[in-house]
1. From the residues A117, H302, G237, which one has its Cα farthest along the dipole of the chain in the positive direction, the dipole being from +1 and -1 charges on Cβ of Lys/Arg and Asp/Glu about the Cα centre?
2. Alpha carbon centre of segment 1-66 versus segment 264-335: separation in Å?
3. With no solvent and one point on each alpha carbon, what is the Debye value of log10 I(q)/I(0) for segment 133-189 at q = 0.13, 0.18 Å⁻¹?
4. For the chain, what does the accessible surface come to per residue with a 1.4 Å probe? Please give it in Å².
5. Just for the chain, what percent of DSSP beta bridges are antiparallel, to the closest 5?
6. Pop out the ³J(HN,Hα) list for segment 316-329 in order, Karplus 6.51 cos²θ - 1.76 cosθ + 1.60 with θ = phi - 60°, rounded to Hz; leave Gly and Pro as x.
7. What is the projected area of the convex hull of the Cα atoms of the chain, averaged over all directions, in nm²?
8. Connecting C-alpha atoms closer than 10 Å in a GNM of the chain, tell me which of P108, P208, P189 has the biggest fluctuation.
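The values are calculated or read from the model by the stated rules, or taken from the named source; none is laboratory data. Just so it is clear, the structure is predicted and the values come from calculations on it, not from any experiment. Every residue, glycine as well, gets a Cβ built from its backbone with ideal geometry; the counts of neighbours run over all protein chains shown. We work out accessible area using only protein heavy atoms, side chains counted, and drop any ligands, DNA or RNA first. Shrake-Rupley method; radii C 1.70, N 1.55, O 1.52, S 1.80 Å.
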Amino acid sequence: MNRTDIIILGIESSCDDTSASVIRNGEVLSNVVAGQEIHRLYGGVVPELASRAHESNIVPVVETALRNANVAKSELSAIAFTKGPGLPGSLMVGVSFAKAMSMALQIPLVEVHHMQAHVLAHFAQVPNNPKPLPEFPFLCLTVSGGHTQLVWVTSPMKMEIVGETLDDAAGEAFDKIAKILGLPYPGGPELDKLAREGNPAFIRFPHPRIDKLDFSFSGLKTSVLYHLRDKEKEEPGYTQKNLKDICASVQHTITDILIDKLNLAVKKFKPRDIALAGGVSANSELRKKFGELAQKRGLHAHIPAFEFCTDNAAMIAIAGMFKFQEGIFSDLSAAADPRYQDSQFVTHKP
Ligand code: KG4
Ligand code: ZN
């Protein structure tokens with residue numbers, strides 16, 4: 001260890017993944033994620049069960065992250081944690097743990113905005129495998145189970161939400177429609193798998209007419225529901241018989257809605273770099289269309305490795321590092337904030 005090294009322990013517990021990560025000078029030395037299988041039984045995240053699982057996972061997850069990184073607690077420069085947004089009971093486990101550890105080690109505490117961290121995940125570097133980083137200012141499409149945002153990023157600390165969903169998030173739309181189709185939770189990846197073998201032009205679902213750079217996905221869910229209800233009346237077994245084509249048509253619609261708005265934002269902001277973040281960036285069709293858009297408009301496209309797209313603590317540690325470098329710390333009065341709003345991460349719709 002070098003005396004000038006910045007070594008951050010990141011802790012993430014905003015939803016149903018307990019994660020801890022150690023980074024040194026922006027390089028990810030470890031990124032441990034304990035998912036929670038229990039929610040599969042209920043077809044969605046049960047907040048009470050999530051917080052209990054975080055409570056039992058947090059100690060082994062942090063110990064494993066330190067061990068995998070080969071870093072001793074005494075070498076840590078600071079602890080970064082997710083303050084919000086997220087589920088109250090889940091956030092509280094991570095916040096309390098981070099505060100206790102910072103007090104015991106007498107090191108600074110850094111609070112992080114979960115959605116800002118998804119954007120900054122693009123700056124996570126893996127040792128011996130450097131990748132080009134986005135250049136500021138850039139445009140980021142963040143698509144997860146809880147959020148869909150178009151973010152104009154002018155610096156690591158300063159970003160504006162220029163468009164967002166008015167109802168369901170893109171991942172939520174995938175999951176809810178997958179549930180209607182009888183697929184296991186979380187349905188996004190399952191729907192993606194089936195869609196690869198289906199015909200995307202099988203059903204033409206209408207696109208929502210939403211102003212400016214905002215999104216809406218709840219109408220699509222209703223269209224799918226009504227379509228299946230009517231077709232099943234005419235032809236019982238329609239859904240199962242045409243499952244792959246229905247999945248392909250749904251995926252085609254969701255990804256078109258996302259890429260159309262990204263395209264509109266590109267025309268408006270004229271960035272050189274575009275970035276994709278959040279768990280839905282694993283979607284095969286979205287990645288393909290994102291790449292095609294970048295190529296068509298001569299832009300640099302950035303998609304982080306999948307482990308940094310879904311909820312993870314490496315992105316929290318990276319965001320924490322930027323704040324650490326600016327000397328922005330929290331004290332022990334820090335608290336979880338399920339609706340956290342950061343003054344550097346504001347909504348400004350053009
Ligand atoms: O970012 P994330 O791990 O957690 C949240 O913060 O929500 O995103 C999870 C979401 C889920 O809705 C999941 O269904 C979706 O990402 N997802 C996908 C795919 N992989 C994950 N959606 C569509 N296609 C995929 N391949
Ligand atoms: Zn997330």
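1. H302
2. Going from one Cα centre to the other spans 19 Å.
3. -0.43, -0.65
4. Heavy-atom accessible area per residue stands at 44 Å².
5. 55 percent
6. In residue order, the calculated couplings are 5, 5, 5, 4, x, 5, 4, 5, 4, 5, 8, x, 9, 10 Hz.
7. The Cα convex hull of the chain, projected and averaged over all directions, gives 17.5 nm².
8. Between P108, P208, P189, it is P208 that shows the largest mean-square fluctuation.
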